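Student: I'd like to ask you about the structure that follows.
The values are calculated or read from the model by the stated rules, or taken from the named source; none is laboratory data. As the structure is a prediction and not an experimental result, all values here were calculated from the model. Virtual Cβ from ideal backbone geometry, glycine too; neighbours counted across all protein chains shown. Ligands, DNA and RNA are stripped out before the accessible areas are found, and what is left, the full protein with its side chains, is counted by its heavy atoms. Shrake-Rupley method; radii C 1.70, N 1.55, O 1.52, S 1.80 Å.
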Number of protein chains: 4
Amino acid sequence: MTAMNDRALANVNPALIEDLVDANRILYHLGVVDGFGHVSARHPEDPSRFIISRSMAPALVTASDLMAIHLDGRPVSEAAPTPYLERFIHGEIYRARPDVVAIVHSHSAAVIPFGVVPGATLKPVNHMSGFIGAGAPVFEIRDTAGTSSDMLVRTPELGQALARSLGPHNIVLMRGHGSTVIGFNLRQAVYRAVYAEANAKLQSEALRLGAPIYLTPGEAVESAKANDSQQDRAWNLWKRAIRQSGLS
Amino acid sequence: MTAMNDRALANVNPALIEDLVDANRILYHLGVVDGFGHVSARHPEDPSRFIISRSMAPALVTASDLMAIHLDGRPVSEAAPTPYLERFIHGEIYRARPDVVAIVHSHSAAVIPFGVVPGATLKPVNHMSGFIGAGAPVFEIRDTAGTSSDMLVRTPELGQALARSLGPHNIVLMRGHGSTVIGFNLRQAVYRAVYAEANAKLQSEALRLGAPIYLTPGEAVESAKANDSQQDRAWNLWKRAIRQSGLS
Amino acid sequence: MTAMNDRALANVNPALIEDLVDANRILYHLGVVDGFGHVSARHPEDPSRFIISRSMAPALVTASDLMAIHLDGRPVSEAAPTPYLERFIHGEIYRARPDVVAIVHSHSAAVIPFGVVPGATLKPVNHMSGFIGAGAPVFEIRDTAGTSSDMLVRTPELGQALARSLGPHNIVLMRGHGSTVIGFNLRQAVYRAVYAEANAKLQSEALRLGAPIYLTPGEAVESAKANDSQQDRAWNLWKRAIRQSGLS
Amino acid sequence: MTAMNDRALANVNPALIEDLVDANRILYHLGVVDGFGHVSARHPEDPSRFIISRSMAPALVTASDLMAIHLDGRPVSEAAPTPYLERFIHGEIYRARPDVVAIVHSHSAAVIPFGVVPGATLKPVNHMSGFIGAGAPVFEIRDTAGTSSDMLVRTPELGQALARSLGPHNIVLMRGHGSTVIGFNLRQAVYRAVYAEANAKLQSEALRLGAPIYLTPGEAVESAKANDSQQDRAWNLWKRAIRQSGLS
């Protein structure tokens, strides 16, 4: 593994660093992110910081590209590289949700339509997506930034507005942009980003056939629990896949 | 080939073991399973047992991961590894259907919508899918487990209910979950899992254009017979494909 | 290149043999055929024969698998291997259409829906598919084989009925089965099989948006001519692609 | 890098030559072009010329295949190889739009339906596609070439008509053919070709769910600016991808 550059990460468990690098590549390998999108983990020793790549394509991230950022969006180290413009997505959700340990922001394609059509709501079609619960909320950036913004969550205020839309949910769609999922551990956040996209495809197809039966709230909660207990089965597969494809 | 660990498999024909390992990887290679899903074969010497991987991603299965399980879901060997939570899908179908020799359970994406939309029925669009017959039945787990289950077939009772929904058919859809296909030999079960998914895509597209003409019951029976006689043509291709892609 | 086995092919130009082997692999590489489907060329010295693989998956075909067959479906050589059940597709079209030099039969997925929905007609959406002309005819096997056939064109009579449905067209859809395209040279037949599938996808998507403007008959004829003059541009790309992917 | 053949390119910055070769391969790798389509850059020292490959599949282009062409479509060098039939797309747009520095013409699949259905308009669904602005215009070749053309922009007059349809926009759809995007630098043109296709997929899916909210004109302008500042993030990823896949 490449050595780290950011001294603020010196005490972080190498296993977490490895998982975070792998998460970047897995999300690319599975089509959740392309050249854009990002994944972060809360700093395990200091909950007022999070760890994320510098501004670059996720597929190319190595340990040396990771950096620590304060919840307000300021890089921890003085000589820090250029951070993502939208790091406020991460910081403000970590601030508003002390239970959150990891976050994925992406433009995964099947999810986006559910964020731009009034009346369409992303709901869990099968047990793999129980974490979506009763339906994903949608963040409308116009409510905060007006009708001529560049659509990016590029300030603490916009990050806070996004966190309010997320509320107690595990996923929030972003109108005309993409979506953000949270996890109580890093692998769970990756799992959710992958299966949010899979569910959106299923739901879109099911809606063509008629009115789908969605999971009940009880089914959603229980199946999400069952899947959490199995999540390393997918992680181990994905890790092998990126090794095999030369992505790590 | 990796050596086997489960002594209860000592007398099994190595050709079957090889096919079962290949079946796991083929189903992954063709997108029928991802990190989840499983394939089994009835024990050729003892019809009260079946052979299946321990709980893990199908793409990673080797001969050393295979284990023997009794039809009631108890592992045969004392020192057995962790079995799949849903092994009751297999055991109870083998019990209810003495004619069945192999089973594939998957969450293949195009099939799922046909299981969650009341009134939609998976029917054979072309001759490759004659085995679907007059239309695939749907298993509603709520009828047995109530409205707050985790959706998993995790008990003998649920396996028995699934087997009743399957009845004399070759495939049963599982609402909010996936599907299960049976075969009178292992390669046939794999063929059916692959072409059930292909048929669901065809049918979904055809339904967009209008009211499709499906195979008649006679056409379904006769084309299924014709395909059975050709199934090794596909198997040999798929086996080469997994060898080439480094999956075996 | 592997040596040929069938002595009836001894005098065939090696360049044609190479193209025919490549055609098999290209059609697989581009998703036109899977384990099933076949491509043939009329024997350049003897128009009463055609050259095609023995019964096997197209992706695995080598020169040693090619065989010569009479137009009535009888293998030319006594010690011939097992031929395709549906060789009558080829023989009877070559007999009915002396202008035809190459034929591809496939189950390519996007085309099939247009063959099973009454009222849907495959028509050229853009200039790459001008060869489709005013719309593809559909062959209904029930008109000849009754309502309980195995859907296969397994007799000369069925091949003749298919040839009648094809008429003067370049493509004929086969209800509940797939499609067959003809070419005035081998590379053209491959080009047409590839772009028939591409056009079906375009048309299906366009129909979702509203009532598409199709090519006029004049546009279809002229754009087909223009594409014919460019067909080696695609062939050279495809040939490189199969070399690179280890398919040849 | 292969040496160049066209002496008219002797003074061109090697970095631009490398980017132009990469652009050809990236557009193929990402499915924007197949065997057909082309990308050009205006000559940096002489705005009355542009640089483009000779007539061949983009994936196979090397520096030795590049050639200089006058805006009226005449190759600059006497011993020039065969140019693309549709080089007038490039020349006439460069003439009509002095601000344009690079052009991509493709038949990318998701965009085509928006060009053949009256009333359907390609509009920006998310911030990655702000460059589409208030909606893409459509070029109807029949208005200039009549109803029996071969659909190709094969004359200066047709190129001029296309440039008029493009007007001040960044993209123009071509009915029954494909689309053309322009850029103020080469990487921007490639970015736009890639995300025009991505947006068409998003829009087509969103339209299935209901009436999408598109970007406002202000959001389109501002998000396009923000993306322009990030475009090398994608370029670096794509460049790595073609290196890894053996495409360069």
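Student: Along the positive direction of the dipole of the range C:45-133 (beta-carbon charges: Lys, Arg +1; Asp, Glu -1; about the Cα centre), which of C:126, C:58, C:80 reaches farthest?
Tutor: Sorting the options by dipole projection puts first C:126.
Student: Okay, moving on. Taking R0 as 60 Å, what FRET efficiency do you get between residue D:184 and residue C:97 from their Cβ-Cβ distance, rounded to the nearest 0.05?
Tutor: Computed FRET efficiency for residue D:184 and residue C:97: 0.70.
Student: In debye, nearest 20, what is the charge dipole magnitude of the range D:5-124 about its Cα centre with +1 on Lys and Arg Cβ and -1 on Asp and Glu Cβ, if you could check?
Tutor: Roughly 240 debye, rounded to the nearest 20.
Student: If you roll a 1.4 angstrom probe over the protein chains with everything in place, what fraction of the accessible area of chain A belongs to carbon and sulfur, to the nearest %?
Tutor: 52 percent
Student: Sum -39500 (n - 2.57) across every DSSP H segment of at least 4 residues in chain C, then divide by the residue count to get the 222 nm mean residue ellipticity, nearest 500.
Tutor: Dividing the helical sum by the residues of chain C leaves -12000 deg cm²/dmol.
Student: Something else about it: How high is the relative contact order of chain D? Use alpha-carbon pairs under 8 Å, at least six apart in sequence, and give a whole percent.
Tutor: 22 percent
Student: Related question: Which of the residues in the range A:118-154 show a loss of at least 50 Å² in accessible area from their chain by itself to the complete set of protein chains, at a probe of 1.4 Å?
Tutor: Buried by 50 Å² or more upon assembly, which counts only protein chains, are A:127, A:142, A:150.
Student: Would you mind giving the three semi-axes, in whole Å and largest first, of the ellipsoid equivalent to the range B:1-76 according to its Cα gyration tensor?
Tutor: The three semi-axes for the range B:1-76 are 20, 13, 11 Å.
Student: Considering only C-alpha atoms, what is the centroid distance from the range A:15-88 to the range A:182-248, in Å?
Tutor: So the two Cα centres are separated by 21 Å.
Student: Rg and Dmax of the range C:101-191 over Cα atoms: what are they, in angstrom?
Tutor: Gyration radius and largest Cα-Cα distance of the range C:101-191: 12.8, 39 Å.
Student: Using the Cα centre as the reference, give the magnitude of the dipole from point charges on the C-beta atoms of the range A:115-248 (Lys, Arg: +1; Asp, Glu: -1; all else neutral), rounded to the nearest 20 debye.
Tutor: In debye, rounded to 20, the range A:115-248 gives about 400.
Student: To one decimal place, what orientation-averaged projected area in nm² is obtained for the convex hull of the Cα set of chain D?
Tutor: Across all orientations, chain D yields a mean hull projection of 12.9 nm².
Student: Taking chain C as the reference, fit the longest principal axis to its C-alpha atoms, fit the long axis of helix C:156-166 to the helix C-alpha atoms, and give the angle between the two in degrees, 0 to 90, nearest 10.
Tutor: Rounded to the nearest ten degrees, it is 40.
Student: Separate question: Counting pairs of alpha carbon atoms under 8 Å apart in space and at least six apart in sequence, what relative contact order in percent does the range A:126-207 give?
Tutor: With pairs under 8 Å counted, the relative contact order is 32 percent.
Student: Given a Förster distance of 51 Å, report the FRET efficiency between residue A:134 and residue B:64 from their Cβ-Cβ distance, rounded to the nearest 0.05.
Tutor: Taking R0 as 51 Å, the efficiency between residue A:134 and residue B:64 is 0.75.
Student: Under 25 Å from the Cα of residue C:123, which lysines turn up, not counting those fewer than eight places away in the same chain?
Tutor: B:201, C:201, C:225, D:201
Student: Taking accessible area as the heavy-atom solvent-accessible surface of the protein chains with a 1.4 Å probe, which residues of the range D:171-201 lose no less than 10 Å² upon going from the isolated chain to the full protein assembly?
Tutor: By number: D:175, D:176, D:177, D:195.
Student: Now for a different question. Averaged per residue, what accessible area in Å² does the protein assembly as shown show with a 1.4 Å probe, protein chains only?
Tutor: Per residue, the protein assembly as shown has an accessible area of 34 Å².
Student: Would you mind computing, in nm to one decimal, how far apart the modelled labels at residue A:46 and residue D:45 are, each placed 7 Å from Cα along Cα→Cβ?
Tutor: Here the modelled spin labels are 5.4 nm apart.
Student: For the protein assembly as shown, just run the numbers: alpha carbon Rg, then divide by 2.2 N^0.38 Å, N being how many residues it has.
Tutor: Working it through for the protein assembly as shown, the quotient is 0.95.
Student: Oh, and also: Charges only on Cβ, +1 for Lys and Arg, -1 for Asp and Glu: so what's the dipole of chain D about the Cα centre, in debye to the nearest 20?
Tutor: 280 debye
Student: Measure nothing fancy, just the Cα-based angle from helix D:217-228's long axis to the longest principal axis of chain D, in degrees from 0 to 90, nearest 10.
Tutor: That works out to roughly 40 degrees.
Student: Something else now. Using the basic label-point model (7 angstrom from Cα toward the beta carbon), what is the residue C:164 to residue B:213 distance in nanometres?
Tutor: Between residue C:164 and residue B:213, the label points sit 1.5 nm apart.
Student: Then there is this: Would you mind getting me the FRET efficiency between residue D:79 and residue D:142? Use the beta-carbon distance for r and R0 = 35 Å, nearest 0.05.
Tutor: Result of the calculation: an efficiency of 0.40.
Student: Okay, next question. Show the residues, 5+ positions off or on another chain, whose built amide H is closer than 5 Å to the amide H of residue A:139.
Tutor: A:173, A:174, A:175
Student: Sticking with the crude label model, points 7 Å out along Cα→Cβ, report the distance from residue D:155 to residue C:245 in nm, one decimal please.
Tutor: Here the answer is 4.0 nm between the modelled labels.
Student: Now for a different question. Of all the residues in chain C, which one has the C-beta that comes nearest the axis relating C to D, and what is the distance in Å?
Tutor: Minimum Cβ distance to the axis, with residue: C:208, 5.
Student: Express the Stokes-Einstein translational diffusion coefficient of the range C:45-144 in µm² s⁻¹, to the nearest whole number, given a Kirkwood radius over alpha-carbon pairs, 25 °C and a viscosity of 0.890 mPa s.
Tutor: It diffuses with D of about 155 µm²/s by this estimate.
Student: May I ask for the angle, rounded to the nearest 10°, between helix A:87-96 and the longest principal axis of chain A, with both axes built from Cα atoms and the value confined to 0 to 90°?
Tutor: For helix A:87-96, the angle is close to 70 degrees.
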